[in-house]
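Just below is one structure, and these are the notes that go with it.
The values are calculated or read from the model by the stated rules, or taken from the named source; none is laboratory data. What you see is a predicted model, and the numbers here were worked out from it, not measured in a lab. Here the Cβ is made from the backbone with ideal geometry for all residues, glycine too, and neighbour counts use every protein chain on show.
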C-alpha cells in the first residue's frame, strides 16, 4: 500500500512500518494516526507478514503531538480540548488498542527521541529496543500542564512501578535508553548502527513462534494485572484447555522428540 506519512514494506515475513516525516521528528498528525491504523488493518490480511517492526525515519522515533499545529482558536464552536478529545476517540486511542489487539508480535526499534505520545507508541509494542543515543521524554505535566495520554499513564507503572513513573511524569527529565533498560522499561539498548539489524533478528525469532502467540501473551499478562491468583489460575486452565488441543502444541511436541525446530502452520 502507498501512504503519505508512513512507509510499510514486507520482507522475509517481517513487516516494517516506518514513521516517515523526519522534518517534524515523526510527530503524530491526524493523517499519521489514521494511516497507521489503516496499515495495521491491511497487515492483518497479509499472509506473508508474521511479525512487525515499528520505527522512525531520520534522527527521531516519534516526538508525539505536533504542538505547532494545535490551534487554540475555536473551530465550529469547539475548543482545542474538545477537538483533541474527538481526535483521541477517533484515532489516537484506537491506534494503541489496535497495537494491543494486533495478532502479530510487534518490535519497536527506537532510533531517537520518543516523547509524549511517541513514548507511549513505543511502549505499546511487545518488545522495545533502542539505540544508546535514544531517549524517552514525558513533558506532559511539568511543561504543558496536561496528563500523559495514548496509554502512557498505564504503560509506565505497569513496567517500572509507581515511584519511578511519578518521578518521570512530575519532573519531565530525559530518560536515556540505557537507564530505561536498567529500569526494565525496554528490552534492550544497542549501538546506533545495529538497531535495525537487531530488530530484524528479534522479529525473525518472533515470526517463527505459533501464530497469535503475542496476542496470547498480552492477554495472559493483562488478565494477571486485573485479578487475583485464584482467578489467574483459572484463566491459565481455560487457555490450556483450548491450546493443548491446537495444532501448534502437537507440532511442538513432535519437533521436541524429533530433535528439530518446530514448523508451525500459518
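Of note:
- Failed criterion for residue 107 (all others in (1) in contact with a strand residue (DSSP E or B) (Cβ under 6 Å, 6 or more places away or on another chain); (2) more than 21 Å from residue 153 (Cα to Cα) hold): (2)
- Some residue of region 211-224 being surrounded by fewer than 15 Cβ atoms within 10 Å (Cβ to Cβ), over 19 Å from residue 102 (Cβ atoms) and outside the structural domain of residue 107 (by TED's automatic domain parsing): yes
- Scanning region 134-149 for residues that are touching a strand residue (DSSP E or B) at 6+ places or on another chain (Cβ under 9 Å), surrounded by fewer than 24 Cβ atoms within 10 Å (Cβ to Cβ) and assigned to a loop (DSSP other than H, G, I, E, B) gives a single hit, 139.
- Residue list for region 159-196, restricted to those being surrounded by fewer than 12 Cβ atoms within 10 Å (Cβ to Cβ) and closer than 26 Å to residue 57 by Cβ: 191, 193
- Some residue of region 51-67 being assigned to a helix (DSSP H, G or I) and out of contact with any helix residue (DSSP H, G or I) (no Cβ under 7 Å at 6 or more places or on another chain): yes
- Residues satisfying the stated conditions in region 210-243, i.e. assigned to a loop (DSSP other than H, G, I, E, B), free of Cβ contacts under 8 Å to residues at least 60 places away in the same chain and in contact with a helix residue (DSSP H, G or I) (Cβ under 9 Å, 6 or more places away or on another chain): 210, 227
- Residues satisfying the stated conditions in region 195-209, i.e. under 18 Å from the mean Cα position of the chain (by Cα) and touching a residue at least 60 places away in the same chain (Cβ under 8 Å): 195, 196, 198, 199, 200, 202, 203, 204, 206, 207
- Qualifying residue in region 172-185 (condition: closer than 16 Å to residue 125 by Cα, outside any helix (DSSP H, G or I) and under 20 Å from the mean Cα position of the chain (by Cα)): yes
- Checked against (1) over 19 Å from residue 263 (Cα atoms); (2) surrounded by fewer than 16 Cβ atoms within 10 Å (Cβ to Cβ), residue 205 passes all but a single condition, namely (1).
- No other residue among 122, 90 is part of a helix (DSSP H, G or I) and surrounded by 24 or more Cβ atoms within 10 Å (Cβ to Cβ) apart from 122.
- Among the candidates 77, 34, the residue that is over 21 Å from residue 181 (Cβ atoms) and either touching a residue at least 24 places away in the same chain (Cβ under 8 Å) or surrounded by 20 or more Cβ atoms within 10 Å (Cβ to Cβ) (or both) is uniquely 34.
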